[in-house]
Amino acid sequence: MSINDSLAGEAMARSLAEVDPEIHGAVHQETEKQATKLVLIASENYASEAVLSTCSSVMSNKYAEGYPGRRYYGGCEFVDEAETLAIERAKELFGAEHANVQPHSGTQANMGVYFSAIEPGDTILGMELPHGGHLSHGHKLNFSGHLYNVVSYGVNRDTELLDYDEMATKAEQHQPKLIVVGASAYPRTIDFARVQAIADGIGAKVMADIAHPAGLVAAGLFPNPCEHVDYVTSTTHKTLRGPRGGLVLCKEEHAKVVDRKVFPGAQGGPFMHLIAAKAVCFQEALSAGFRSYAAQVLANAKELARALAERGHRIVSGGTDSHIVLVDVGTAGLTGKDGEAWLNDAGIVANKNTIPFDPNPPLITSGLRLGTAAVATRGMKEPQMDQIANWIHMVLDSGGDKQLCAAIRAEVDEVCKSFPIYDWRLN
Ligand code: DSN
């Protein structure tokens with residue numbers, strides 16, 4: 001009897017379209033949107049077919065609490081193989097002594113490190129959210145803000161660059177046990193050695209969250225904190241172009257505690273399909289092709305910043321050293337909220353974002369955060385960045401004129417056809 005002869009097999013083999021037309025429709029529409037619009041969300045990317053197919057593989061069915069060779073479930077031989085490959089490849093990619101590939105997300109990777117390095121009530125020093133930091137770096141609405149005493153640093157008002165002097169002064173004043181460095185909307189390079197030196201001065205540890213630039217770090221195009229700090233966390237789906245998920249890298253001396261704090265401290269069963277897909281992602285990122293890709297991401301961001309500045313837009317910090325371009329639309333009398341909506345009408349997907357010292361609240365903002373990881377995956381290069389900058393300029397300059405946005409939407413659609421992505425999935 002084949003699987004299709006059994007009752008279970010018959011039910012199991014029905015397509016998504018048959019079983020759930022509503023979800024099938026939503027997936028189809030999301031695919032079409034990703035194929036026909038320009039994704040400039042700095043935290044998004046297009047994972048490869050190999051990564052996506054691993055995400056939807058039968059590894060999803062498997063429980064595997066524990067770690068390779070030490071599981072609380074039987075039948076783990078193949079997921080052990082996948083997780084071991086993921087660990088070894090992550091270590092090789094980042095030059096790390098130890099890797100934990102189980103965190104479901106970046107926030108849970110951070111949770112694993114906090115639980116390892118400090119106790120509830122201890123002080124952490126992290127970057128302020130409006131200056132580019134992340135919720136899990138101590139925001140009052142996040143677990144990190146509930147469990148720990150949070151002190152924040154930011155950027156210098158004039159240069160909009162990380163203010164290491166302020167960080168050092170606050171470290172001296174508040175004696176944090178952990179300094180958290182890394183950001184979601186900070187476009188510039190980070191001096192991890194300097195942060196570690198500040199921490200050394202007060203006997204603190206450092207956690208570097210490289211969720212955003214991880215792909216650039218892997219390619220050697222952004223400083224690698226593994227050389228300097230005790231704990232490094234990341235996501236795997238942004239510039240690293242893998243499946244959705246998190247990652248902790250640390251010195252060997254912290255390995256046992258980190259593993260214990262990720263599981264069972266912060267999580268239960270690991271998502272083995274995503275861990276297997278992380279292994280695929282790391283394998284891809286170790287290739288020469290990925291290094292060329294990452295170089296294009298960076299070149300595209302620099303060109304996008306230049307082309308927008310040339311058209312009169314103020315770029316926060318005056319430029320970028322990463323995939324992120326933060327545009328101050330407030331100086332032109334606009335809000336990020338309006339800009340985001342207008343650009344979406346024109347087929348350009350970006351997000352509103354606070355800028356340093358933003359007078360507007362987070363749901364309005366004075367900024368637009370743009371990222372070049374996804375468009376570089378499509379194969380777009382500098383000429384397309386100049387074109388995109390021109391479209392963004394026209395949309396913002398016109399105040400979101402409906403006719404103009406519709407005309408640009410049609411042009412975006414045409415350009416996307418020349419740089420196809422996932423189109424076959426629409427058939
Ligand atoms: N909020 C995500 C981002 O877009 O940067 C990171 O968690």
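Around Glu81, with a cut-off of 15 angstrom between Cβ atoms, what is the net charge of the other residues, counting Lys and Arg +1 and Asp and Glu -1? Walk me through the numbers on the way to the answer.
Numbers: positive: Lys62, Arg70, Arg71, Arg89, Lys278; negative: Glu77, Asp80, Glu83, Glu88.
Result for the local shell: +1.
Over the stretch 131-199, how many percent of alpha carbon pairs lie in each 5 Å bin up to the one with the longest distance?
Bin by bin from 0 Å, the calculated values are 4, 16, 27, 27, 20, 7, 0.
Can you give me the three principal axis dimensions of the stretch 73-144 from its C-alpha atoms, in Å, biggest first?
Principal-axis extents of the Cα atoms in the stretch 73-144, largest first: 43, 28, 19 Å.
In the chain, which whole DSSP H runs stretch at least 24 Å along their own axis (Cα) and average -0.5 or higher on the Kyte-Doolittle scale?
Working: long enough: 77-94 (26 Å, -0.16); 288-310 (33 Å, 0.15); 402-418 (25 Å, 0.00).
Passing helices, by number: 77-94, 288-310, 402-418.
Whole Å is fine, so just give me how far the alpha carbon centre of the stretch 188-219 lies from that of the stretch 10-39.
40 Å
Taking a ≥ b ≥ c as the square roots of the eigenvalues of the Cα gyration tensor of the stretch 169-320, is the shape rounded (a/c under 1.5), prolate (a/b larger than b/c) or oblate?
Cα axes put the stretch 169-320 in the oblate bin.
Quote the charge dipole size of the chain about the Cα centre in Debye, to the nearest 20; the model charges only the Cβ of Lys and Arg (+1) and of Asp and Glu (-1).
140 debye
In debye, nearest 20, what is the charge dipole magnitude of the stretch 166-282 about its Cα centre with +1 on Lys and Arg Cβ and -1 on Asp and Glu Cβ, if you could check?
It works out to roughly 420 debye.
For the stretch 121-225, give the percent of accessible area contributed by carbon and sulfur heavy atoms, probe 1.4 Å, rounded to a whole number.
Details: 1910 of 3900 Å².
That fraction is 49 percent.
If each residue of separation counts as 0.36 nm, what is the full-extension length gain between Ser292 and Glu227 once their alpha-carbon separation is subtracted?
The Ser292-Glu227 span can extend by a further 21.1 nm.
Enter the mean projected area of the convex hull around the alpha-carbon atoms of the stretch 12-56, in nm², rounded to one decimal.
One quarter of the hull surface, i.e. the mean projection, equals 4.1 nm².
Put +1 on the Cβ of every Lys and Arg and -1 on every Asp and Glu Cβ in the chain; which of Pro243, Gly371, Tyr67 then has its Cα farthest towards the positive end of the dipole?
Working it through, the farthest residue towards the positive pole turns out to be Tyr67.
Before I look further, what does the stretch 321-410 give for accessible area per residue, probe 1.4 Å, in whole square angstrom? Mind dumping the intermediate values first?
Values: 3250 Å² over 90 residues.
Normalised by residue count, the accessible surface of the stretch 321-410 is 36 Å².
Along the Cα→Cβ direction, 7 angstrom out, place labels at Glu172 and Ser57. What is the inter-label distance in nm?
5.4 nm
Measure of size requested: the Rg and Dmax of the chain, with Cα atoms as the atom set and Å as the unit; please supply both.
22.2, 73
Across 10 Å bins from 0, what is the distribution of all Cα-Cα pair distances for the stretch 328-391, in whole percents?
For the stretch 328-391, the pair-distance distribution reads 22, 47, 27, 4.
Taking the simple approach of a point 7 Å from Cα along Cα-to-Cβ for both Ser418 and Lys381, what is their distance in nm?
1.2 nm
What distance in nm separates the simple spin-label points at Ala407 and Glu22, each placed 7 Å from Cα in the Cβ direction?
About 4.1 nm, to one decimal.
The values are calculated or read from the model by the stated rules, or taken from the named source; none is laboratory data. Treat the numbers as computed from the prediction; the structure is a model and nothing was measured. Positions of Cβ are generated from backbone atoms using ideal geometry, with glycine treated the same way; all protein chains shown enter the neighbour counts. Please note that ligands, DNA and RNA were not included when accessible areas were found on the heavy atoms of the full protein model with its side chains. Shrake-Rupley method; radii C 1.70, N 1.55, O 1.52, S 1.80 Å.
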